[in-house]
Amino acid sequence: MSLIDDFLESTEPGGSSTLAHYGDQNGLGGGSFANDYSNDNMVRMETGFVSTGLNDTDNRIFVLDRVPLPVSATLVAVAVSNNTLVVVFDTPQILRIDLLQGDQIEYIEIPRISKDGAITAAFFDPTGRHLIITTDIGENYYLYEKWQKCKLLKTLKGHVITSVAWNKQATLADPSTREILIGTKNGQIYEACLEPSDDFFRREEKPLKFLYAINEPVSPINGLYFEQFPGNSRKYFIMAATPTRIYEFIGVVGPASQKASADGDEKRKKGNFEGIFSHYENNPVFLELPGDLSYSELHFFSQFKDLQQRGVAQSFAWLTVPGIYHGNLVFGSQNPGEHVIDNAQLLQYPTNTLESGETQVDSVPLSIAMTEFHFILLYKDRIRAICHLNDEIVYEEMINLAANEHVVGLTMDETNGSPWVYTNLSLYELIIREESRDVWKIYLEKKQYDTALHYCRDDSQRDKVYTTQANDYFSQQRYQLSAKYFAESAVPFEEVALQFVERDERDALRSYVANKLDRLRKGDLTQKTMLATWLVELYLSKINQLEDLASSATHTTDLIASQANVMPDYKQQQEDIEDEFRTFLETYKGHLHKPTTYKLISSHGRSSAMLYYADLIGDYDRVISHWIIEENWPKALEVLGKQANSDVFYKYSPALMENSPYEMVTLWMQSNLNPRQLIPSLLRYDHSKVTDKGQQNQAIRYLSYVVTTLGNTDPAIHNYLLTLYATQQTQDETALLAFLKNEGREMHYNLDYALRLCSQNNRMQSCVHIYSQMGLYEEAVNLSLKYHDLELARINADKPEEDDVLRKRLWLNIAKHIVQEKKDIKTAMEFLKQSDLLKIEDILPFFPDFVLIDDFKDEICSALEEYNIHIERLKEDMDEATRSAENIRLDIRQLRSRFAIIGSLEKCNICDLPLLTRQFYVFPCQHSFHADCLVDRITKYLNTRQIRRLLDLQEQLSKELNSKHNLQKSSGFNSAANKFITAAAGNLKGVIFPGDAALHGNDDASVMIARSEQLKEELDDIVASECVLCGDIMIKSIDQPFVGEDEVDAVMSWSV
């Protein structure tokens, strides 16, 4: 299928092609070709491309597809670059077609071309923007991508261009070509730069710069190419080719300079590349091959075809008479005079078998092209593809030419790798599909396995490469490499394993099984367990074998020097295998069956391996047990500290506490354990070993840490720690007392047990402290006195601070002990000064009947003086009390005669009516209220209990008055206040006020008067205890509204 869109309504009939196909001998040719297909069989596709009738099942790599042209004229030159096709006709006319947009066709005329001149070649840059056309009389034309006409290059006039080296540094953003090299028919190399612009046709062109001339008799420069060295932007490599020679130039570019050279009277300017060619003026570096051709070609291939990121070329091909000279380009640190070409070879042209049976070498091709894996050879009647990997012909097709038709040339689009063949009448595209499809087979035959794998496309191809590679290494007895690649292949496991077993290659078998195990899927658990178990056996057997060899080499007495040198190698091999085995166990510990693995390792006697495996899987129980049996206490402690299972701690702590107590306690203190569970281990501790005074009892050390730092409150722990303190061999009770005092009043040990234990071990101070904690201060003092510890006795005597009687009794016991037991009067007197409870008279009864007063005369005198001072203080207090009583009586008399003056116009502060019209109250703050108004106001702030009490007082006063006045009702207090009180208190009746009694005369009965007065006073306390306008009642009522609910009608009357 062509890359050109169908841009014609109809096509001209063309000649048919006859195909000659070589079989798929090397995996690069594919399928068969249909003979005699013509232009009539073409089918127009929806995409606009023209189909040649090839169906989807066609698997050929090379397909020659004819491209119809819209012009019926003779083709003289064709160039393709960056999907842009340029066809030059003899009219003269240029056809420019964008292959990505087939409908964009441009016809461009070549102006002012001489009748004597003929177009010989067209040179197209890789970007598809710059085109140079040359004629055989030295007229050269330039065409830019946006132009519709060509420009005659005056600076190149007279030079027949045979090759152009385009500059890769030219970008799509820069319209110029940058510095390019031009090779001519007379063997000269020039530097030029084309800068197209709007005024390019009017302005002067940049001058042509001469660089170098080939020292051959009239040899054209048929190929020219330059490349920048990677990593050095100023260092360049230039290659030039003639029909018989290929030149290499290496050097550093410099700024342009002018240098005159004699060529008649002409002075030519030197360019940027002058510095490179200057090294080769006298000693050019070239390779010469014999031949008498008048033409040649030089082609390069690069895998990086992106115009934005073009890389250096990797290989080249040179058309010569003996064959195609090709090789690689290796860029390094070459200096001028050295070669970049590497691994060069000469591919001779294929031979043909004549009818007579003789072989004849083909003629030299008209043109060649180079792809990644093939050389495309164009002859006068056919096209051929040769794989340069194995020099085999993989494709050949005859070109059926018309009567007046002949093959002209072959060109190639470097950006997409598509070759184009053109005759004087037709144009063909050689479509290359999946060129690398079968390359892996060639590399496989050449035993270049890594490269073959690179070109494999599916698993089946890779499996074939791995299998072939493994069998090849197996036949070479390189069993380790063979095992590696057998593991990558799909060869049955048992078949490979049996091969290694038959050859007794256990190392290779181990490598194979290990690699196979690595490639199993996650779900293949059973297979992983089986292979991993087998590997354990293989590793252990190898370790034992190396150990036996090393042992035998060590104990052999008649060893020659060479054998003696083998022994260290066995040791090193054993260490390497053991390291490998440990890595294997670490990787596949989860896939090994624990009992089986233990059994295998034990059967081979590898205790170190068993311990390592147990440590990996967390079976610390087994590891610790092993080290305890070996009595290697540090190792056992190290493993115990690595694990976090508390049951393992409890299990092995007794043995470790017995043999390594300090380290065991340190480990306990670093772990979160239950101290109660460690009591059996503490009981195994041998306290008799603590002989050195500087050595600490480890059991006490741990329990003290638990109690003080961790704040443990378990009584068993505290009781055991108390036991350890009390039963120590030392008589010093400092540690025990510190423990008891630190417990404080919230002690967690048993007091009875502690007292009994301390008594049994003669810990007197501790017993005293325990008595004190139990509140038995008298027993504590008596015990202190029993051991003649007066200071301790005094301390405990002062402890009952709230019971002075008990304190005094305790101090008397101490004094009695001092006087009667020690019979020391002076000491008793000194002791008397230490207590504020005892007096001299308290201890006098303890003195003997016949004792001299001289020893305590001063004390008696001091006591008498204190008594006199105390009596004087009491007299002063009595006088002060008498004066206070007189003042109180005076205040009471003044209160009885207190009065207030009320004016006749005084008004009630609540109702604003004259005050004297009804009974009233007057307060010291000068506020006055009617009695009923005050009751009405105060009742709002009373609670129900107070209101009921008010009702009760009213009823009692009423009864008192009624009993005197024959149940006469009170008529002076029927106001709205009575109604409010009744509503608030339920059954509350009319309120009786203090003044009511005066209206009914005097009561003859004094008892009744006193009773009435008491009720009146209590009533006044409720109603008139404080002023309702300036007392606490007003402050507490701040949250109440100014207008009450019962005053809504009044508020409504204010509305306007």
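Descriptive notes on the structure:
- Here Leu430 fulfils each of the conditions (1) open to solvent by 20 Å² or more (accessible area, probe 1.4 Å); (2) in contact with a Pro (Cβ under 7 Å, 6 or more places away or on another chain); (3) not aromatic (Phe, Trp, Tyr) apart from (1).
- Wholly within the range 271-348, strands (runs of 3 or more DSSP E) carrying at least 1 residues that are of a type outside the set (Phe, Trp, Tyr) and under 30 Å from Thr171 (Cα atoms): 298-301, 315-319, 323-329, 341-348
- Candidate set from the range 634-649 (those that are open to solvent by 50 Å² or more (accessible area, probe 1.4 Å) and assigned to a helix (DSSP H, G or I)); member that is farthest from Arg684 (Cα to Cα): Lys642
- Residue in the range 896-914 that is part of a helix (DSSP H, G or I), among the aliphatic types (A, V, I, L, M) and surrounded by 10 or more Cβ atoms within 10 Å (Cβ to Cβ) present: no
- For Cys456: the one exception among (1) out of contact with any Gly (no Cβ under 8 Å at 6 or more places or on another chain); (2) outside any loop (DSSP other than H, G, I, E, B); (3) surrounded by 15 or more Cβ atoms within 10 Å (Cβ to Cβ): (2)
- Members of the range 563-601 that are among the polar types (S, T, N, Q) and either modelled with pLDDT of 90 or more or open to solvent by 70 Å² or more (accessible area, probe 1.4 Å) (or both): Gln563, Asn565, Gln572, Thr583, Thr587, Thr596, Thr597
- Residue within the range 685-699 that is in contact (Cβ under 8 Å) with a residue 40 or more places away in the chain and among the aromatic types (Phe, Trp, Tyr) present: no
- Boolean, Asp952 is modelled with pLDDT of 85 or more, out of contact with any helix residue (DSSP H, G or I) (no Cβ under 8 Å at 6 or more places or on another chain) and either farther than 25 Å from Asp1032 by Cβ or of a type in the set (Lys, Arg) (or both): no
- Test: residue in the range 375-396 that is part of a loop (DSSP other than H, G, I, E, B) and closer than 30 Å to Glu281 by Cβ: no
- A single member of Tyr485, Tyr443, Tyr473, Tyr466 is free of Cβ contacts under 8 Å to residues at least 40 places away in the same chain and within 28 Å of Asn59 (Cα to Cα), and it is Tyr466.
- Strands (runs of 3 or more DSSP E) contained in the range 75-142 and holding at least 2 residues open to solvent by less than 10 Å² (accessible area, probe 1.4 Å): 75-81, 84-89, 93-98, 130-135
- Leading residue by the ranking (least open to solvent (accessible area, probe 1.4 Å)) among those in the range 145-180 that are among the basic types (Lys, Arg) and either in contact (Cβ under 8 Å) with a residue 60 or more places away in the chain or assigned to a strand (DSSP E or B) (or both): Lys151
- Screening Tyr466 against (1) surrounded by 14 or more Cβ atoms within 10 Å (Cβ to Cβ); (2) within 30 Å of Arg384 (Cβ to Cβ); (3) under 44 Å from the mean Cα position of the chain (by Cα) leaves a single unmet condition, (2).
- Test result for Thr120, within 28 Å of Leu298 (Cβ to Cβ) and free of Cβ contacts under 8 Å to residues at least 40 places away in the same chain: no
- Residue in the range 350-368 that is of a type in the set (A, V, I, L, M, F, W, C), under 23 Å from Glu434 (Cα atoms) and either in a strand (DSSP E or B) or open to solvent by 30 Å² or more (accessible area, probe 1.4 Å) (or both) present: yes
- Every pair of residues 6+ apart whose Cβ atoms lie under 8 Å, when the first sits in the range 764-788 and is assigned to a loop (DSSP other than H, G, I, E, B) while the second is open to solvent by 10 Å² or more (accessible area, probe 1.4 Å) and among the hydrophobic types (A, V, I, L, M, F, W, C): Met774/Leu751; Met774/Leu755; Tyr787/Met764
- Verdict on Ala881 being surrounded by fewer than 17 Cβ atoms within 10 Å (Cβ to Cβ), over 20 Å from Lys1036 (Cβ atoms) and among the aliphatic types (A, V, I, L, M): yes
- Scope the range 469-485; condition in contact with a helix residue (DSSP H, G or I) (Cβ under 7 Å, 6 or more places away or on another chain), open to solvent by less than 40 Å² (accessible area, probe 1.4 Å) and not polar (S, T, N, Q); matching residues: Ala470, Tyr473, Phe474, Tyr479, Ala483, Tyr485
- Considered as a group, the residues in the range 206-238 that are modelled with pLDDT of 90 or more and hydroxyl-bearing (Ser, Thr, Tyr) include one that is surrounded by the fewest Cβ atoms within 10 Å (Cβ to Cβ), and that residue is Tyr236.
The values are calculated or read from the model by the stated rules, or taken from the named source; none is laboratory data. What you see is a predicted model; the values in this text were computed from it and never measured. Ideal geometry is used to build each Cβ from the backbone, glycine not excepted, and the neighbour counts take in all protein chains shown. Just the protein is used for accessible areas: all its heavy atoms, side chains included, with ligands, DNA and RNA removed. Shrake-Rupley method; radii C 1.70, N 1.55, O 1.52, S 1.80 Å.
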